[in-house]
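Okay, structure first, notes after.
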Amino acid sequence: MQIHIDNLALLKKKIPNKLKILNDPIYGFIQIPNSLIFDIIEHPYFQRLRRIMQMGFSNLVYPGANHTRFHHAIGCMHLMQKSIRVLRFKQVVISSEEENALCMAILLHDIGHGAFSHALESSIVSGISHEEISLKFMKKLNKEFNGELSLAIEIFEGKSPRKFLGQLISSQLDIDRLDYLKRDSFYTGVTEGNISSDRLIAMMNVKDDALVIEQKGIYSVEKFLIARRLMYWQVYLHKTGIVAENILVNVLKRAKELALNGAELYCSSALNHFLYQQVSATNFTEETLEMFSKLDDYDVLSAIKEWVNHEDKVLSLLSKMIVDRKLLKIEIQHEAFESKYVNKKREKATKKLNISDKEVGFFVFHQEISNQAYDLKTPIYILNKKGKLKDISKASDQLNLQALTIPVVKHFICYPK
């Protein structure tokens, strides 16, 4: 009877069930492995990822691409659990502490991404990458969780004496890429990027402390590399996405320029912090980190909607382009654009928009984009039946894999239609 009463008392306390199951449209049910990881997911730092789009303005091209960094991080955790099970089955020793650390490291690998990801790094925050900010978040969480993330941080920084643990987090065939290619392919509808992550994970092994792929998986690796190349040129570096991201960068640059000159701008307190102050790696304090944790896509979009009506012509025109999806025209080619051609576009835009020579740089600009599908400096090794390792570019009978090692550079120019 006493046991029954005690049980009732526990029920009345409503102890939270932290062993949750999430339903993912790609992998189905994903289980949160333990209460520590549940608490990290529940933390406001991580919940912020729900409000950051995985693919920025790609939804202006592919309407379904509205998935978030939160989505991606949970998917990565799921694939990491699968990888650990496969490697243990193949007699690779991974302790429960290492398992937990790997799950936390991959879960938090993108936590430092700002609003609209790379656009923020190129405009209102300078000299610090999202990887460095991710590390700052992880160290802050480590304090809050009494050192429980120490091993995860060591692996994330590539300092673990067990090399393959770091390769699961960051390499040319890491868990991050296995999820984002499959996920981005699914949400954009671009089937060329649909890789077999299950097959690649099933073929994983460890040899000489390095993460390798067994020979039976060679064709899956080939497909993975080609799929990544196709996704970059068809999705990540799509011309409309390039224009939209560069306009956003210029909107934020102009807003910061005006803010530092004392202009009044509508924005949230988090965005205000980064517009009205110079923020760089040298002064990125704990207070800055707290403000960064409150900044997401919603802050930027709500501000841009208001800036459409701002008295500054440049800010207003650029903001309206994004809100109405009336973007700049873009030309892409393999050769650099001649200065004569660029100057002609600048002169035309200056007259058309009635703006100064200094201001025209926000509307006419040229840059280059590049992609290298496979980097020989950090090879993917194939483990043959004799136990020997061979670089995929040499092990493969596909001649085009050699071509994938050469960086492809293209040049673009944007200007008003």
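Looking at region 305-322 only, could you name the residues that are closer than 24 Å to T350 by Cβ, assigned to a helix (DSSP H, G or I) and out of contact with any Lys or Arg (no Cβ under 6 Å at 6 or more places or on another chain)? Spell out the reasoning first.
Just the residues of region 305-322 that are closer than 24 Å to T350 by Cβ, to begin with: 307-322.
This time we only want the ones that are assigned to a helix (DSSP H, G or I), so: 307, 313-322.
Residues satisfying the conditions are W307, K313, S316, L317, L318, S319, K320, M321, I322.
Is it fair to say G114 is under 12 Å from the mean Cα position of the chain (by Cα) and either more than 21 Å from I41 (Cα to Cα) or not charged (D, E, K, R) (or both)?
Values: under 12 Å from the mean Cα position of the chain (by Cα): yes; either more than 21 Å from I41 (Cα to Cα) or not charged (D, E, K, R) (or both): yes.
Yes; evaluated as a whole, the condition is true for this residue.
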Revision key, fill the gap. Taking region 243-267 and the residues there that are over 14 Å from L120 (Cβ atoms) and among the small types (G, A, S), the one that is surrounded by the most Cβ atoms within 10 Å (Cβ to Cβ) would be A244
Practice item. Just one of (1) over 30 Å from Y374 (Cβ atoms); (2) assigned to a loop (DSSP other than H, G, I, E, B); (3) over 21 Å from the mean Cα position of the chain (by Cα) trips up E335, so point out which. Key: (1)
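For region 1-69, please list each of the helices (runs of 4 or more DSSP H) lying entirely inside it that holds at least 3 residues being touching a Leu at 6+ places or on another chain (Cβ under 8 Å) and at pLDDT 95 or above. Walk me through it before giving the result.
Details: elements: 2-13, 35-42, 44-47.
Hits in region 1-69: 35-42.
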Practice item. List the number of the failed condition for K417; all other conditions in (1) within 23 Å of E257 (Cα to Cα); (2) exposed (fewer than 12 other Cβ atoms within 10 Å of the Cβ) hold. Key: (1)
Review point. Hey, Y374 hits all of (1) in contact with a strand residue (DSSP E or B) (Cβ under 9 Å, 6 or more places away or on another chain); (2) among the aromatic types (F, W, Y); (3) not in a helix (DSSP H, G or I) but one; which does it fall short on?
Key: (1)
Review point. Would a scan of region 74-90 turn up a residue that is assigned to a loop (DSSP other than H, G, I, E, B) and either within 19 Å of L248 (Cβ to Cβ) or in contact with an Asp or Glu (Cβ under 6 Å, 6 or more places away or on another chain) (or both)?
Key: no
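Give Y219, Y236 a once-over and let me know the one that is free of Cβ contacts under 8 Å to residues at least 24 places away in the same chain and either surrounded by 19 or more Cβ atoms within 10 Å (Cβ to Cβ) or not aliphatic (A, V, I, L, M) (or both).
Y219
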Study note, to complete from the structure: Restricting attention to region 191-216, the residues that are of a type outside the set (S, T, N, Q), surrounded by 21 or more Cβ atoms within 10 Å (Cβ to Cβ) and over 20 Å from N384 (Cβ atoms) number exactly 2
Revision key, fill the gap. Residue pairs within 9 Å by beta carbon, gap of at least six or interchain, first lying in region 137-155 and without any contact (Cβ under 8 Å) to a residue 24 or more places away in the chain, second of a type in the set (D, E), listed first then second, are N142/E148
**Study point:** The one condition in (1) part of a loop (DSSP other than H, G, I, E, B); (2) touching a residue at least 24 places away in the same chain (Cβ under 8 Å) that S302 fails to fulfil
**Key:** (1)
Point to revise | Residues (aliphatic (A, V, I, L, M), in contact with an Asp or Glu (Cβ under 7 Å, 6 or more places away or on another chain) and part of a helix (DSSP H, G or I)) located in region 107-134 | key: A119
Exercise for review: Would you check if there is a residue in region 165-175 being within 15 Å of F292 (Cα to Cα) and of a type in the set (D, E)?
Suggested key: no
Review point. What pairs come up if the first residue lies in region 160-179 and is free of Cβ contacts under 8 Å to residues at least 60 places away in the same chain, the second is in a helix (DSSP H, G or I) and of a type in the set (V, I, T), and their beta carbons are under 6 Å apart, counting only those six or more places apart or on different chains?
Key: G166/I155
Point to revise | Extreme residue, nearest to L178 (Cα to Cα), among residues of region 65-95 that are among the small types (G, A, S) and under 17 Å from the mean Cα position of the chain (by Cα) | key: G75
Exercise for review: Could you tell me whether region 386-400 includes any residue that is aliphatic (A, V, I, L, M), in contact with a Lys or Arg (Cβ under 8 Å, 6 or more places away or on another chain), at pLDDT below 90 and farther than 30 Å from V251 by Cα?
Suggested key: no
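Test of understanding: among Y374, Y381, which residue is touching an Asp or Glu at 6+ places or on another chain (Cβ under 7 Å), within 30 Å of D174 (Cβ to Cβ) and crowded, with 16+ Cβ neighbours inside 10 Å?
Working: Y374 fails: touching an Asp or Glu at 6+ places or on another chain (Cβ under 7 Å).
Result of the check over Y374, Y381: Y381.
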**Study point:** Contacts under 7 angstrom Cβ, first residue in region 255-282 being without any contact (Cβ under 8 Å) to a residue 24 or more places away in the chain, partner of a type in the set (A, V, I, L, M, F, W, C) and crowded, with 17+ Cβ neighbours inside 10 Å, 6 or more apart
**Key:** A259/L265; A259/L275; H273/M291; Y276/A259
Exercise for review: Could you please give the count of residues in region 72-111 that are over 14 Å from D174 (Cα atoms) and either β-branched (V, I, T) or at pLDDT below 95 (or both)?
Suggested key: 6
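The values are calculated or read from the model by the stated rules, or taken from the named source; none is laboratory data. These figures come from a predicted structure and were not determined experimentally. No Cβ is skipped: glycine too gets one built from the backbone with ideal geometry, and neighbour counts run over all protein chains shown.
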